[in-house]
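The values are calculated or read from the model by the stated rules, or taken from the named source; none is laboratory data. From a predicted model like this one, the values you see are computed outputs, not experimental measurements. Heads up, the Cβs are rebuilt from the backbone with ideal geometry, glycines too, and the neighbour counts pull from every protein chain shown. These area figures cover heavy atoms from the full protein model, side chains too; ligands, DNA and RNA do not enter into them. Shrake-Rupley method; radii C 1.70, N 1.55, O 1.52, S 1.80 Å.
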Amino acid sequence: MARETLTELIGFTGDWLVGVSYALDRGYQCWVITPERQVHTDGEYYESHLMALATGRFLVEHSLEVE
């Protein structure tokens with residue numbers, strides 16, 4: 001059974017959150033939590049937490065532009 005650990009949780013304007021989790025056998029994954037408390041991920045795993053964090057930041061910034 002894979003165990004994931006939350007490694008970072010960063011807040012953005014408008015109550016958006018980006019989280020990064022780590023699974024030893026898969027790598028890092030980004031999570032975006034909307035102001036409505038919906039949780040989304042792109043389903044990808046990354047080699048570093050910085051890559052996962054950059055993806056989450058992009059998703060938030062893109063969503064804010066659409067609004």
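Screening Leu59 on (1) without any contact (Cβ under 8 Å) to a residue 24 or more places away in the chain; (2) among the aliphatic types (A, V, I, L, M); (3) open to solvent by 50 Å² or more (accessible area, probe 1.4 Å) shows it passes everything except condition (1). Restricting attention to the range 54-63, does a residue exist that is of a type in the set (D, E, K, R) and assigned to a loop (DSSP other than H, G, I, E, B)? Taking every residue of the range 54-63 in turn, none turns out to be of a type in the set (D, E, K, R) and assigned to a loop (DSSP other than H, G, I, E, B).
Residue count for the range 11-40, restricted to those that are surrounded by fewer than 16 Cβ atoms within 10 Å (Cβ to Cβ) and free of Cβ contacts under 8 Å to residues at least 40 places away in the same chain: 13.
Of the residues Glu8, Glu44, the single one that is without any contact (Cβ under 8 Å) to a residue 60 or more places away in the chain, in a strand (DSSP E or B), surrounded by 12 or more Cβ atoms within 10 Å (Cβ to Cβ) and not small (Gly, Ala, Ser) is Glu8.
Just for the range 16-41: of the residues that are aliphatic (A, V, I, L, M) and part of a strand (DSSP E or B), which one is farthest from Leu64 (Cα to Cα)? Can you show your working first?
Step one: list which residues in the range 16-41 are aliphatic (A, V, I, L, M), which gives 17-18, 20, 23-24, 32-33, 39.
From what is left, the residues that are part of a strand (DSSP E or B) are 17-18, 20, 23, 32-33, 39.
Working: Leu17: 13, Val18: 14, Val20: 20, Ala23: 29, Val32: 13, Ile33: 13, Val39: 16 Å.
Once the filter is applied, the top-ranked residue is Ala23.
There is at least one residue in the range 6-15 that is more than 18 Å from Glu65 (Cβ to Cβ) and touching a Ser or Thr at 6+ places or on another chain (Cβ under 7 Å). When the range 6-29 is filtered for residues that are farther than 16 Å from Gly43 by Cα, touching a strand residue (DSSP E or B) at 6+ places or on another chain (Cβ under 7 Å) and among the β-branched types (Val, Ile, Thr), the ones remaining, listed by number, are Thr7, Ile10.
Within 10 Å of the chain's Cα centre (by Cα) and touching a residue at least 24 places away in the same chain (Cβ under 8 Å), is that true of Leu53?
On the way: within 10 Å of the chain's Cα centre (by Cα): yes; touching a residue at least 24 places away in the same chain (Cβ under 8 Å): yes.
In short, yes.
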